[in-house]
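Heads up, the thing below is written out as structure tokens.
The values are calculated or read from the model by the stated rules, or taken from the named source; none is laboratory data. Here the structure is a predicted model, which is why all the values come from computation and not from measurement. Here Cβ is always computed from backbone atoms with ideal geometry, including for glycine, and neighbour counts include all displayed protein chains. Heavy atoms of the whole protein, side chains included, go into the accessibility calculation; ligands, DNA and RNA do not. Shrake-Rupley method; radii C 1.70, N 1.55, O 1.52, S 1.80 Å.
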Amino acid sequence: MSTTKTLALWVAYGPNGVVGSIRHDEGGYVVTMAGSDAVTGTYPNLASAKGALHSHMSPGSAWPRFQEH
């Protein structure tokens, strides 16, 4: 069995609450949208992960607030 260690976690908040999260582990920055069990994608840096998360939000959505946990 393989285990992955989370190094950091950011939660993205929109005007109506949580819209997704970014988890940093050994493989990169992993984006998961709120309400989804599937990973949206893994990105090489935090900036690209934030952009990817925003691009998966509803069209015209404001940039979310990211809070590290």
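Worth pointing out:
- Consider region 40-56 and keep the residues that are in a loop (DSSP other than H, G, I, E, B) and either at pLDDT below 95 or within 11 Å of the chain's Cα centre (by Cα) (or both). The one that is farthest from Gly14 (Cα to Cα) is Thr40.
- Residue in region 23-36 that is most open to solvent (accessible area, probe 1.4 Å), counting only those that are within 18 Å of Tyr13 (Cα to Cα) and not in a strand (DSSP E or B): Gly35
- Residue in region 17-29 that is touching a Gly at 6+ places or on another chain (Cβ under 8 Å) and among the small types (Gly, Ala, Ser) present: no
- Filter result for the condition that a residue is out of contact with any Leu (no Cβ under 8 Å at 6 or more places or on another chain), free of Cβ contacts under 8 Å to residues at least 24 places away in the same chain and open to solvent by 60 Å² or more (accessible area, probe 1.4 Å), over Gly17, Gly60: Gly60
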